[in-house]
Amino acid sequence: MGNDEREKALPLHYLNNEYWQGGIDVDPGQTAKIRYSYLFRDEEGNITAEGGDRVIDITGTGILEIQTIDTWNDAGEYGNAFYTDPFQKVLLAKKEPRGKSRSPKTFTHIFKVKAPLLRKHESICLLGNTDLLGEWDTDSPILLNRENDWWSVKLDLSAAVVPLEYKYGIFNVKEQEFAAYESGGNRLLIKGSIDNQLTILHDGFARFPNNTWKGAGVSIPVFSLRSKNSFGVGEFADLPLLVDWARKTGLSLIQLLPVNDTTATHSWTDSYPYAAISVFALHPLYLNIEAAAGKRSHRLLKSMKKKQKQLNALPEIDYEQSLRFKLSAARELFIEQKEEFLKDPGFIRFFEDNRRWLIPYAAFCYLRDRNGTVDFNQWKLYSRFDRAAIEKYVSPKAKHYDNIAFTYFLQYHLHLQLTAAVEYAHKHGVVIKGDIPIGAYRYGCDVWMEPEFFSLEWQSGAPPDAFSEKGQNWGFPIYNWDRMSQDNFYWQRRRLTQMEKYFDAFRLDHILGFFRIWSIPADQTQGLMGRFIPAIPVQLYEFEQRGIWFDYERFCRPYITDEVLWELFGPNKDKFIPFLELSTEGHYQFKTAFDTQHKVEEYFKGFDDTEDNSRIREGLLTLLANLILFERQGSGGRLFDFRLGIENTCSFRRLDRSLQQRLKELYIDYFYRRQDHFWEKQAMKKLPALKQATNMLAFGEDLGMVPRCVPEVMKRLAILSLEVQRMPKDMGKAFSDPADAPYLSVVTPSTHDMSVIRAWWEEDKERTQRFFNEALGMEGEAPAQCSAAINTAIVRQHLASPAMWSIFQWQDLVGMEEGIRRDNPEEERINRPENPQHYWNYRMHISLENLLKEKEFNEKLKVYIEESRR
């Protein structure tokens with residue numbers, strides 16, 4: 001059946017309106033179990049996979065023929081979510097009731113069905129219209145037993161007359177009472193049994209509601225946690241205290257930001273958690289020194305107390321001091337423990353399990369520090385990765401081996417501490433959700449090791465929007481998806497496999513990037529200069545078709561005239577002339593030394609950052625973006641991409657009205673019509689492979705400029721969407737209503753990239769008034785500040801949503817309590833996306849220990865959550 005290679009899958013043949021069929025011969029002596037699932041290939045060759053596998057055990061049956069009658073399991077079926085790790089290992093993990101199922105010594109049929117949301121003491125039962133199935137007797141139905149993902153029963157139906165009708169139901173084994181039939185019509189068994197044939201029916205999901213389970217969670221970065229035992233910054237060892245608080249309040253999920261190592265410069269700029277130098281390594285910032293020391297090293301721990309107290313007293317994180325002192329202390333521990341550490345069986349197992357990334361990462365960290373730069377292109381040795389050479393370089397015989405082994409020491413203890421925290425969470429019924437950044441750091445270990453997986457001539461980012469008028473440039477190289485597809489996205493799948501060691505669920509950061517990614521050329525700096533990759537270009541002949549005389553210089557070069565300079569800069573326009581020269585058309589063009597945004601930025605690095613210099617620099621960047629089209633490199637002037645927001649440029653505004661209209665029509669076609677099906681196909685090449693690589697529950701961050709195909713693809717793959725009240729996906733609405741959210745989604749009033757509820761309330765009085773009257777349904781004038789009562793109303797509105805999950809920033813939850821929340825809500829902001837140099841140093845203002853003592857608030861939150869589940 002193809003050994004999991006889709007191209008070699010067994011073709012099925014059309015049987016009738018209900019079924020496809022196929023058959024294989026199997027030698028029971030060579031194959032004990034058969035694991036299989038179905039694929040659907042459409043007319044264009046696109047493949048859709050099912051939501052799960054089936055397993056048939058053929059050992060010891062003595063059967064000559066096994067007939068399976070299977071129901072297609074749509075991947076978007078709600079019930080599939082409940083067979084992912086968070087539910088199977090934690091949230092729904094319980095001992096199933098055992099009924100007296102009839103399992104004869106000889107049997108001809110096995111009935112199997114899924115029912116993930118049964119209550120305590122409930123079992124699936126089977127009833128039918130023949131005496132062998134109980135003649136619909138609800139007092140004594142046939143009970144099924146739970147076997148892995150399925151409810152199952154074996155029956156001897158050799159004497160049955162077919163066709164026969166049957167249905168599944170729910171039976172309470174404690175009360176010995178029939179509860180309900182499944183919905184819909186009766187099921188039919190059309191084929192009877194023949195000698196030496198076993199029929200297995202995989203009947204999919206029992207037809208009971210699969211959208212009734214609801215959970216609430218809290219979102220907070222690890223670095224933002226505060227406890228008495230941490231060292232100026234949150235640590236993995238603080239997570240159990242957060243779990244304790246979650247238990248007290250009824251929260252069942254903790255969502256974290258990325259926890260990978262971002263150490264590039266050893267400065268506060270490394271606080272950006274999405275710029276990992278390794279997508280596999282954990283950040284040393286989260287190491288708890290006391291836990292790593294164990295019961296020894298009392299002298300070291302005692303000497304750190306003063307600095308620990310000093311850093312913990314700060315209202316925010318001092319990233320540089322915290323990391324510097326931790327690494328210094330950890331190195332002392334390593335020197336003390338080195339001999340026994342390297343012989344520790346636990347470490348040896350960890351090393352062997354992770355050596356593929358751990359050895360290069362340790363070498364990378366040493367070479368970064370030895371060369372004084374993370375930019376491996378500047379290294380004199382090993383600027384190009386060679387695995388054999390690096391394996392030799394990290395040999396225990398090398399003089400620098402202690403530096404290499406120190407990195408192993410850090411990663412092993414980080415692994416132990418995060419694993420212990422996650423196990424504690426699971427033991428207490430709480431699941432952990434991680435975060436997968438859309439990109440990898442340009443000068444990180446991953447790019448150094450496998451540069452072929454990245455397109456280094458581009459930088460990923462986000463297009464201009466209401467939050468960032470110039471767009472965002474994240475600086476990460478975009479993925480080379482064509483190369484990644486050649487091994488079925490093995491790099492991405494390895495990344496998920498590593499993450500699965502610690503997390504039950506994952507957030508796909510900027511899932512839109514799997515459809516297309518906003519890409520900025522490496523020689524430009526502003527998001528304004530980006531375009532979507534991949535995208536169907538505008539071809540030269542399309543301009544002629546629309547009656548547009550194509551003027552390359554006018555459309556594809558910055559349009560600069562004296563009138564434009566005056567419009568933009570007024571009497572200061574002459575300050576820009578030294579950077580320009582006259583073109584043959586009598587317009588201005590940039591001198592070669594300043595004809596890209598990168599060149600302009602580099603030039604001004606040599607001058608003081610005065611207000612005047614800053615104004616000139618920004619003005620030049622604006623002029624460089626004053627164009628309408630980008631030519632596709634290597635197309636010979638025949639393929640083009642529109643600049644987003646052309647209507648905001650002086651270049652476009654100075655065209656005649658008729659030409660504007662015709663260009664705008666082509667622009668709308670380019671961005672909003674021609675791409676949708678193409679982008680859908682791109683996503684369906686990538687996302688199914690990633691989804692099948694892990695059993696974690698998948699969430700997608702689908703905010704921004706969302707193509708029409710995105711919701712359908714996410715629904716098809718059962719990837720939960722993100723619904724933010726202040727960012728409605730219906731452009732005709734000012735706010736989304738949590739009550740309208742789809743079941744497979746997360747509702748939230750804010751994310752880490754936004755202001756918290758209370759700060760947002762004060763940003764725009766007119767908008768707040770509308771929200772107060774329309775979204776909250778309150779009359780009169782909105783108060784100037786967001787009171788605890790209003791904050792509570794917003795939280796409860798989200799808790800009442802039909803969405804599977806409501807997840808809140810921690811700041812928004814404590815915003816419900818006047819006596820706990822910070823006085824100034826502006827101090828609770830985690831990130832400002834419009835500022836690429838933002839310092840990620842937010843920290844809780846009260847300790848977790850003290851939060852656990854807030855009995856009245858904790859009980860109130862628990863009541864709200866419990867009420868929302870009824």
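Figures for the structure shown
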| item | result |
| --- | --- |
| Meets criteria (touching a residue at least 40 places away in the same chain (Cβ under 8 Å), over 30 Å from Pro742 (Cβ atoms) and in contact with a Cys (Cβ under 9 Å, 6 or more places away or on another chain)) for Thr138 | yes |
| Among the residues listed as Arg843, Arg770, the single one being open to solvent by less than 10 Å² (accessible area, probe 1.4 Å) and of a type in the set (Lys, Arg) | Arg843 |
| Residue match in region 695-705 (condition: assigned to a helix (DSSP H, G or I) and open to solvent by less than 30 Å² (accessible area, probe 1.4 Å)) | no |
| Qualifying residue in region 559-568 (condition: of a type in the set (S, T, N, Q) and open to solvent by 20 Å² or more (accessible area, probe 1.4 Å)) | no |
| Restricting region 468-485 to residues that are open to solvent by 50 Å² or more (accessible area, probe 1.4 Å) and either touching a Gly at 6+ places or on another chain (Cβ under 7 Å) or among the aromatic types (Phe, Trp, Tyr) (or both), the residue that is modelled with the highest pLDDT | Trp474 |
| Selection within region 526-554 - open to solvent by less than 20 Å² (accessible area, probe 1.4 Å) and either over 38 Å from the mean Cα position of the chain (by Cα) or among the hydroxyl-bearing types (Ser, Thr, Tyr) (or both) | Phe543, Ile548 |
| Subset of region 728-743 [open to solvent by less than 20 Å² (accessible area, probe 1.4 Å) and either without any contact (Cβ under 8 Å) to a residue 40 or more places away in the chain or part of a loop (DSSP other than H, G, I, E, B) (or both)] | Ala741, Tyr743 |
| Strands (runs of 3 or more DSSP E) contained in region 587-684 and holding at least 3 residues open to solvent by less than 70 Å² (accessible area, probe 1.4 Å) and at negative phi | 629-631, 639-642 |
| Arg796 under 23 Å from Thr249 (Cβ atoms), over 16 Å from the mean Cα position of the chain (by Cα) and basic (Lys, Arg) | yes |
| Segments classed as helices (runs of 4 or more DSSP H), wholly inside region 756-870, with at least 3 members that are farther than 24 Å from Val222 by Cβ | 765-770, 788-799, 855-868 |
| Breaking point among (1) more than 27 Å from Arg674 (Cα to Cα); (2) open to solvent by 20 Å² or more (accessible area, probe 1.4 Å); (3) within 21 Å of the chain's Cα centre (by Cα), for Asp523 | (3) |
| Strands (runs of 3 or more DSSP E) lying entirely in region 1-117 (those with 1 or more residues that are open to solvent by less than 60 Å² (accessible area, probe 1.4 Å) and in contact (Cβ under 8 Å) with a residue 60 or more places away in the chain) | 47-49, 54-57, 65-70, 109-114 |
| Those residues of region 576-586 which are closer than 27 Å to Asn473 by Cβ and either polar (S, T, N, Q) or buried (at least 16 other Cβ atoms within 10 Å of the Cβ) (or both), in sequence order | Phe576, Phe579, Leu580 |
| Among the residues listed as Asn841, Asn831, Asn773, Asn835, the single one being within 28 Å of Trp268 (Cβ to Cβ) and free of Cβ contacts under 8 Å to residues at least 24 places away in the same chain | Asn835 |
| Residue list for region 424-433, filter: touching a residue at least 24 places away in the same chain (Cβ under 8 Å) and surrounded by fewer than 20 Cβ atoms within 10 Å (Cβ to Cβ) | Tyr424, His426, His428, Gly429 |
| Residue in region 143-160 that is over 30 Å from Thr84 (Cβ atoms), surrounded by fewer than 17 Cβ atoms within 10 Å (Cβ to Cβ), in contact (Cβ under 8 Å) with a residue 24 or more places away in the chain and of a type in the set (Gly, Ala, Ser) present | yes |
| Boolean, Ile170 is outside any loop (DSSP other than H, G, I, E, B), within 37 Å of the chain's Cα centre (by Cα) and of a type in the set (Val, Ile, Thr) | yes |
| Lone unmet requirement of (1) at positive phi; (2) modelled with pLDDT of 90 or more; (3) not aromatic (Phe, Trp, Tyr) for Gly45 | (2) |
| Boolean, Thr751 is farther than 30 Å from Asn73 by Cβ, outside any loop (DSSP other than H, G, I, E, B), hydroxyl-bearing (Ser, Thr, Tyr) and touching a residue at least 24 places away in the same chain (Cβ under 8 Å) | no |
| Looking only at region 385-394, and only at residues there that are of a type in the set (A, V, I, L, M, F, W, C) and part of a helix (DSSP H, G or I), the one that is surrounded by the most Cβ atoms within 10 Å (Cβ to Cβ) | Ile390 |
| So Gln417, is it open to solvent by less than 10 Å² (accessible area, probe 1.4 Å) and within 24 Å of the chain's Cα centre (by Cα) | no |
| Residue within region 181-189 that is within 17 Å of Phe111 (Cα to Cα), free of Cβ contacts under 8 Å to residues at least 24 places away in the same chain and open to solvent by less than 50 Å² (accessible area, probe 1.4 Å) present | yes |
| Close pairs from region 793-808: first farther than 17 Å from Thr751 by Cβ and open to solvent by less than 10 Å² (accessible area, probe 1.4 Å), partner of a type in the set (D, E, K, R) and at pLDDT 95 or above, Cβ under 7 Å, at least 6 apart | Met804/Lys214 |
| Residues of region 715-727 classified as open to solvent by less than 30 Å² (accessible area, probe 1.4 Å), modelled with pLDDT under 95 and not small (Gly, Ala, Ser), total | 1 |
| Total residues in region 210-222, condition more than 17 Å from Phe699 (Cβ to Cβ) and open to solvent by less than 10 Å² (accessible area, probe 1.4 Å) | 1 |
| Members of region 811-820 found to be open to solvent by 30 Å² or more (accessible area, probe 1.4 Å) and in contact (Cβ under 8 Å) with a residue 40 or more places away in the chain, listed by number | Glu817 |
| Flag for Asn488 being more than 12 Å from the chain's Cα centre (by Cα), open to solvent by 20 Å² or more (accessible area, probe 1.4 Å) and closer than 20 Å to Ile277 by Cα | no |
| Residue check for Thr263: touching a residue at least 40 places away in the same chain (Cβ under 8 Å) and within 21 Å of Ala330 (Cβ to Cβ) | yes |
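The values are calculated or read from the model by the stated rules, or taken from the named source; none is laboratory data. Computed from a predicted structure; not experimentally measured. In this analysis, Cβ positions are derived from the backbone assuming ideal geometry, glycine residues included, and neighbour counts consider all displayed protein chains. Ligands, DNA and RNA are excluded from the accessible area calculation, which covers all protein heavy atoms including side chains. Shrake-Rupley method; radii C 1.70, N 1.55, O 1.52, S 1.80 Å.
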